[in-house]
Amino acid sequence: MKNPLIKIKWPNNISTEAKEGDDWFINAKKANINIPTGCLSGNCGACEIDVNGKTIRPCIVNIKSHNQKMLTIEYANDPYW
């Protein structure tokens, strides 16, 4: 069975499509979005984005739909930064 494509809506209102397990950084680049990076090991939080309201660190987590057909991305708002 084929994995269905997941629609991703980025903060600049550009949409891309991805499969489960695809890389966040590659898909962001397709939408002309630059996700900042730091340690690339999940420790610093520089790359945090909000996916449907839940904050993730794309350097350590690949794209997961959790059975949702569309993911809306926003830049994470960290009150400590």
Would you mind telling me the share, in percent, of accessible area of the chain contributed by carbon and sulfur at probe 1.4 angstrom? 49
Gain upon complete extension [ILE26, TYR75; 0.36 nm per residue less C-alpha separation]: 16.0 nm
Which value, in Å², gives the accessible area per residue of the chain when a 1.4 Å probe is used on the protein heavy atoms? 69
Dipole of the chain, Cα-centred, from +1 at each Lys and Arg C-beta and -1 at each Asp and Glu C-beta, to the nearest 20 debye? 320
For LEU71, which sequence-distant residues (separation of 5 or more, or a different chain) have an amide H within less than 5 Å of its own amide H, given hydrogens modelled in the peptide plane? LYS7, ILE8, LYS9
Considering only Cα-Cα distances, which of the following residue pairs are longer than 19 Å: LYS7/LYS54; LYS29/LYS54; LYS30/LYS54? LYS29/LYS54; LYS30/LYS54
³J(HN,Hα) computed for each position of the stretch 21-37 - Karplus, 6.51 cos²θ - 1.76 cosθ + 1.60, integer Hz, glycine/proline x: x, 5, 7, 5, 5, 5, 5, 5, 4, 4, 9, 6, 10, 9, 8, x, 10
Compute the distance in nm between two label points, each set 7 Å from the Cα along the Cα-to-Cβ direction, one at GLN68 and one at LEU40. 2.8
In Å, the Kirkwood estimate of hydrodynamic radius for the stretch 24-81 over Cα pairs equals 11.9
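The values are calculated or read from the model by the stated rules, or taken from the named source; none is laboratory data. Values in this document were obtained by computation on a predicted structure and should not be read as measured data. Ideal geometry is used to build each Cβ from the backbone, glycine not excepted, and the neighbour counts take in all protein chains shown. Side chains are part of the model used for accessible areas, which takes the heavy atoms of the whole protein and leaves out ligands, DNA and RNA. Shrake-Rupley method; radii C 1.70, N 1.55, O 1.52, S 1.80 Å.
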